[in-house]
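Inspection log for the structure reproduced underneath, given as structure tokens.
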Amino acid sequence: MTIRQSVVLVLGMISCASLQAGVVIEQWQTTTHTPVFFVKTQGLPLVDIRVMFDAGSARDSGAEQSGLASLTAQLLETGAGEFNADEIAGEFERVGAVVSTGISVDMAWLDLRSLTTPELLNPALGALELLLTQPTFTSRDFDREKNRVLTALKQREESPGALAKYAFYKALYGQHPYAHPTLGEIAAVSKMHVDDVKAFHNQWYVSENATIVIVGDLTQDRARKISEQLIAKINRGRKAPALPAVSPQVGQNIHVNYPSKQTHVLSGLLGIDRNDADYFPLVVGNHILGGASLVSILFEEVREKRGLAYSAYSYFSPMARQGPFIMGAQTRNDQLDETLSVMHKTVADFVLQGPSNAQLTAAKKNITGGFPMRFDTNKKLLKYISMIAFHHLPVNYLTLYSEKVLAVTTAQIKEAFERRIVLESLTTVTVGDKRLTDVE
């Protein structure tokens, strides 16, 4: 069996045993004051490492540079030091390690998965260190990735679902950085140069703006040495300033004409951030309203009772600042008005009446019963610890999560929804063929 085959076998296994007793997060800072979060797991000789930066798309400089953060993150794997993209990939491949980059609205990251034996882990760490400290950002690589992004952006214009999301965020967030799509906009990306990427990287990919998360079968001493190695040669720089607060926008009804037999619907308003005091009442309440898929109230009213859509859903998307609350469905053009009416009446009734005791009991059982499966592997756990670290949540968040869910009452849900879901403030976006909406 090759190294690659061995790693694939290990990465496919579930490391539940070390997590059943609870997740213990250890914290410290490197000598450059970079926060480190470490969880020791046992049973598999595997480690997952994430180096993340406050360098998500919210750090794009307005609409004129929309997509710059995403393009920068994508270029991180295209070469470092004396290695081109194929050579740096080969450095990871020969030791069976897996490296990847990612980006969201709030953050960007580099991930490494490796076996923990020194002869495999040490070369992988060396290659990751190169990506972090000496990315080449050549003009050739930049042009290739830029053209790939432009192709994807043009394809977005042919997707009614993507168009609906784009228009919804624009309407909901106005001039706030969250209004701009992570992948960018054609007009902005078309004008970008490789020097823009280099400047963005120099500003945001610095140790003061970084956080390291390590999950794996390592001693704390080894984890400390790894964190020092990865961050020591990165420029110190400055921590990113806090994002501006989100200003509520006036509720709007927006239609985007698109030649299709179905209309995509998004309706919502400003929701919550990760540290919101109403987080648990709203999230548990939404599980009942539209987050529990086939057994939610929205699904029952829109799909089961009336057959207006294949699915109907709602969710909160908490971010560093207020993320959105969104209800969505896809319906026949001639059923659009009825679908919107049912969706809005359903949420209005829920705000007015709140959930029943039986609905709340079922929701609590469903949420807490499935919660441990959300972080039953190193890779899943890495994402949760990263979320805790980035948003400054309590280190015992995972331990307390089920307790907080179980403590939610019907009165708390009703009160939170009454305050936060103001129906007059709903922004509704529809994308479909308006000419057909009145056709029977």
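None of the figures in this text is laboratory data; all of them are computed from the coordinates on show. All figures in this text were calculated on a predicted structure; none of them were measured in a lab. Counting neighbours? That spans all protein chains shown, and the Cβs are built from the backbone with ideal geometry, glycine included.
Using the Cα coordinates of the chain, the gyration tensor eigenvalues translate into equivalent-ellipsoid semi-axes of 39, 28, 20 Å, sorted from longest to shortest. Structural descriptor for the chain: relative contact order 20 percent, calculated from alpha carbon pairs under 8 angstrom and at least 6 residues apart. Restricting region 72-167 to GluC sites (Glu not before Pro) that sit in a DSSP loop and have at most 14 other Cβ atoms within 10 Å of their own Cβ leaves E82, E157, E158.
What is the antiparallel percent of DSSP beta bridges lying wholly in region 253-436, to the nearest 5? Present the calculation step by step, with values, prior to reporting the outcome.
Working: 20 of 26 bridges.
Roughly 75 percent of the DSSP beta bridges within region 253-436 come out antiparallel.
Lys and Arg at +1, Asp and Glu at -1: add these up for the other residues within a Cβ distance under 14 Å of L243 and post the number. Walk me through the numbers on the way to the answer.
On the way: positive: R59, K239, R274, R321; negative: D54, D60, D106, D273.
Taking every Cβ under 14 Å from that of L243, the sum is 0.
Based on alpha-carbon atoms, the Kirkwood radius and the radius of gyration of region 205-271 give Rg/Rh equal to 1.30. Under the combined filter of DSSP loop state and at most 14 neighbouring Cβ atoms within 10 Å, region 120-166 retains none of its chymotrypsin sites (Phe, Trp or Tyr not before Pro). Loop sites by DSSP among the trypsin sites (Lys or Arg not before Pro) of the chain, restricted to those with at most 15 other Cβ atoms within 10 angstrom, leave 307-440 as the longest stretch without any of them.
For region 23-71, run through the chymotrypsin sites (Phe, Trp or Tyr not before Pro) and keep only the ones in DSSP coil with at most 14 other Cβ atoms within 10 Å of their Cβ. Walk me through the numbers before you get to the answer.
Working: sites: W28, F37, F38, F53; in loops: none.
Qualifying residues, ordered by number: none.
Taking the square roots of 5 times each eigenvalue of the Cα gyration tensor of region 140-211, largest first, gives ellipsoid semi-axes of 24, 19, 10 Å. Evaluate the Debye formula for region 239-321 with equal point scatterers sitting on the alpha carbons, no solvent, and hand back log10 of I(q)/I(0) at q = 0.12, 0.23, 0.24 Å⁻¹, in q order, two decimals. Per q value, in the given order, log10 I(q)/I(0) is -0.52, -1.15, -1.18.
Normalise the Cα radius of gyration of region 253-436 by 2.2 N^0.38 Å (N = residues in it) and let me know the number. Don't jump to the answer; show the numbers that get you there.
Numbers: Rg = 17.4 Å, N = 184, 2.2 N^0.38 = 16.0 Å.
Cα-based Rg divided by the globular estimate yields 1.09.
Per-residue 3J(HN,Hα) values for region 24-37, derived from phi via the Karplus relation 6.51 cos²θ - 1.76 cosθ + 1.60 with θ = phi - 60°, read 10, 9, 9, 10, 6, 10, 6, 5, 9, 6, 7, x, 10, 10 Hz in sequence order (x marks Gly and Pro). Using the Karplus relation 6.51 cos²θ - 1.76 cosθ + 1.60 with θ = phi - 60°, the per-residue 3J(HN,Hα) values for region 164-179 come to 5, 5, 4, 5, 5, 5, 4, 5, 6, 9, x, 8, 6, x, 5, 6 Hz, with x marking Gly and Pro.
Local charge sum around V24 (other residues, Cβ-Cβ under 15 Å, Lys/Arg +1, Asp/Glu -1)?
Details: positive: K40; negative: E26, D217.
Taking every other residue near V24 into account, the sum is -1.
Basic side chains Lys and Arg get +1 at the Cβ, acidic Asp and Glu get -1 at the Cβ, and with that the dipole of the chain about its Cα centre reaches some 400 debye.
Taking amide H as placed 1.01 Å from N in the peptide plane, S159 has no amide H partner under 5 Å among residues 5 or more places away or on another chain. Distances between every pair of Cα atoms in region 3-231, grouped in 5 Å steps from 0 to the bin holding the largest one, split as 1, 6, 13, 16, 16, 15, 12, 10, 7, 2, 0 percent. Eigenvalues of the alpha-carbon gyration tensor of region 123-173, scaled by 5 and square-rooted, set the equivalent ellipsoid semi-axes at 34, 16, 10 angstrom, largest first.
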